[in-house]
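The values are calculated or read from the model by the stated rules, or taken from the named source; none is laboratory data. A quick note: this is a predicted structure, and the numbers were derived from the prediction, not measured. Here the Cβ is made from the backbone with ideal geometry for all residues, glycine too, and neighbour counts use every protein chain on show.
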Amino acid sequence: MNDTEVSKTINQMVMFIRQEADEKAAEIAVSADEEFNITKLQLLEAEKARVKKEFERREGSIDVKKKVEYSKQLNESRIKVLAAREGAVQALLHEAFAGLAALSKDGTAYKKLLTDLLVQSLHKLEEPKALVRCRAVDVQLVQEAMAAAQGKYKEAFGSAAPAMELDAAHPLPPPPKAGKHTDEDEFQSCCGGVVVTSADGKIVCSNTLDDRLRITYAGNLPSIRALLFGAPPSGV
């Protein structure tokens, strides 16, 4: 084999090797592109999933905050409504107290009421002797009512009334100022009536107009609220 043939053979071998190298390089490039695209797609899907999860988390957090804020505002509204209703009921109670204070201005009617309150108190106590407490401004009327109560008690129950004594040392609070009644007047003023106790002071029958109104108010509070605001929904 001469030099020309050797050179030709070498060139053919080089071309063959180069062709195989080019084909192999092309295969590697294609494989690399496929692997890159797969990896890129995986990373993209993973990032999408992460972003979606974060969005859902934030959306859920916002929903929770909205619900909490709504619940807070709803509770505040309910509290305001309840406070307004309670204020209306208390205003009605104060009006009733003011109305009671006016009862004592009619001497004849008030004396009859005091007589009835004394008879009732004596019957409830069932004590042989009773002490009677009243407002300082009512002393004369109560003394007259005590005398009238003796006969009315015997007429009602067929026996002599217990002995009564005016307890001037422990008068009841004075009337409300200007006929009005406020929260500050609670137990610091009295609209009228009497408190009758046993001789030793251990048994007490409070028949003041204030206490009778409080008892009536407490017993009829549901009806008062229904009258003012309507009956509550069924099941509430």
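Residues are listed down the side, and each one gets a yes or a no for (1) within 18 Å of Arg214 (Cα to Cα); (2) modelled with pLDDT under 90; (3) of a type in the set (Phe, Trp, Tyr); (4) in a helix (DSSP H, G or I):
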residue	(1), (2), (3), (4)
Ala102	yes, yes, no, yes
Thr108	no, yes, no, yes
Leu117	yes, no, no, yes
Leu131	no, no, no, no
Val137	no, no, no, yes
Glu144	no, no, no, yes
Ala156	no, no, no, yes
Pro175	yes, yes, no, no
Ala178	no, yes, no, yes
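Being within 13 Å of Ala168 (Cα to Cα) and surrounded by 17 or more Cβ atoms within 10 Å (Cβ to Cβ) is the filter here, so list the residues in the stretch 131-142 that pass it. Before the answer, list the steps.
Quick first cut of the stretch 131-142, residues within 13 Å of Ala168 (Cα to Cα) only: 131-140, 142.
Leu131, Val132, Arg133, Cys134, Arg135, Asp138, Val142, listed by residue number.
Quick one: in the stretch 218-236, which of the residues that are among the hydrophobic types (A, V, I, L, M, F, W, C), under 13 Å from Gln90 (Cα atoms) and touching a helix residue (DSSP H, G or I) at 6+ places or on another chain (Cβ under 9 Å) is modelled with the lowest pLDDT? Please lay out each step first, then the result.
Here is the first cut: in the stretch 218-236, the ones among the hydrophobic types (A, V, I, L, M, F, W, C) are 218, 221, 224, 226-229, 231, 236.
Narrowing the set further to residues that are under 13 Å from Gln90 (Cα atoms) leaves 218, 221, 224, 228.
From the residues that got through so far, the ones that are touching a helix residue (DSSP H, G or I) at 6+ places or on another chain (Cβ under 9 Å) too are 221, 224, 228.
Numbers: Leu221: 83, Ile224: 83, Leu228: 80.
Top of the filtered list is Leu228.
Among the residues of the stretch 93-130, which ones are hydroxyl-bearing (Ser, Thr, Tyr), crowded, with 21+ Cβ neighbours inside 10 Å and under 23 Å from Ala156 (Cα atoms)?
If we filter the stretch 93-130 for residues that are hydroxyl-bearing (Ser, Thr, Tyr), which is where we start, we get 104, 108, 110, 115, 121.
Right, trim to crowded, with 21+ Cβ neighbours inside 10 Å and you get 104, 115, 121.
Matches in the stretch 93-130: Thr115, Ser121.
How many residues does the stretch 143-164 contain that are crowded, with 20+ Cβ neighbours inside 10 Å and more than 13 Å from Lys129 (Cα to Cα)?
Looking only at that region, the number is 3.
Here's a check for you: in the stretch 194-229, which residue that is out of contact with any strand residue (DSSP E or B) (no Cβ under 8 Å at 6 or more places or on another chain) and not in a helix (DSSP H, G or I) is nearest to Ala168 (Cα to Cα)? Full working, then the answer.
Filtering the stretch 194-229 for residues out of contact with any strand residue (DSSP E or B) (no Cβ under 8 Å at 6 or more places or on another chain) gives 200, 202, 213-229.
Filter once more, so that each one left must be not in a helix (DSSP H, G or I): 200, 202.
Details: Asp200: 15, Lys202: 18 Å.
Taking the candidates together, the pick is Asp200.
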